[in-house]
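Data block below; observations after.
The values are calculated or read from the model by the stated rules, or taken from the named source; none is laboratory data. The shown structure was predicted, so the numbers you read here are calculated from the model rather than taken from an experiment. For neighbour counting, all protein chains shown are included, and Cβ atoms are generated from backbone atoms with ideal geometry for every residue, glycine included.
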Amino acid sequence: MNDLTDAAIDLPPGARLLGREWLGFDETGEIALIRFQALPSFANRHGTIQGGFLAAMLDSATGIRALAALSADFTAVTRNLETRFLKPVTPGPITARARIVERTDREIVVEAALVDAQGVTVAEATAQLRVLQKK
């Protein structure tokens with residue numbers, strides 16, 4: 001399993017923009033918890049967070065969950081991200097809960113949900129990620 005504390009120190013630019021913060025695993029050890037900061041600049045004309053930013057958060061959460069399951073000599077890239085927007089969400093903290101639902105040597109399927117500060121699930125996604133050996 002990767003040491004994600006080291007990865008968190010050197011966040012990629014997209015993760016930095018989203019304010020991604022690795023919180024660890026829940027009590028089961030299976031569900032990764034990742035917090036994002038939805039900035040006011042992410043809002044659409046209605047004052048709610050634009051769906052593309054929510055999709056980026058879900059993509060980031062599913063990817064980091066997959067990485068947490070792999071040894072350091074492997075990585076994962078998203079092949080497909082099926083996203084469902086459930087409720088509008090305003091700027092502020094959003095927490096992702098991501099879990100692996102299927103895994104082979106070449107692919108990992110991860111489900112994630114975004115939950116707002118009031119505990120309401122605002123979006124969900126299922127990602128298919130290809131496992132690759134690092135070069």
| task | Assess whether VAL110 counts as being in contact with a helix residue (DSSP H, G or I) (Cβ under 7 Å, 6 or more places away or on another chain) and either assigned to a helix (DSSP H, G or I) or among the β-branched types (Val, Ile, Thr) (or both). | result | yes
| task | Kindly provide the set of residues from region 89-106 that are part of a loop (DSSP other than H, G, I, E, B) and either surrounded by fewer than 17 Cβ atoms within 10 Å (Cβ to Cβ) or among the polar types (S, T, N, Q) (or both), ordered by number. | result | THR90, PRO91, THR104, ASP105, ARG106
| message | Go through region 28-48 and report how many residues are surrounded by 15 or more Cβ atoms within 10 Å (Cβ to Cβ) and free of Cβ contacts under 8 Å to residues at least 60 places away in the same chain. | response | 5
| Any chance ARG65 is more than 15 Å from GLU124 (Cα to Cα) and either part of a loop (DSSP other than H, G, I, E, B) or at pLDDT 95 or above (or both) | no
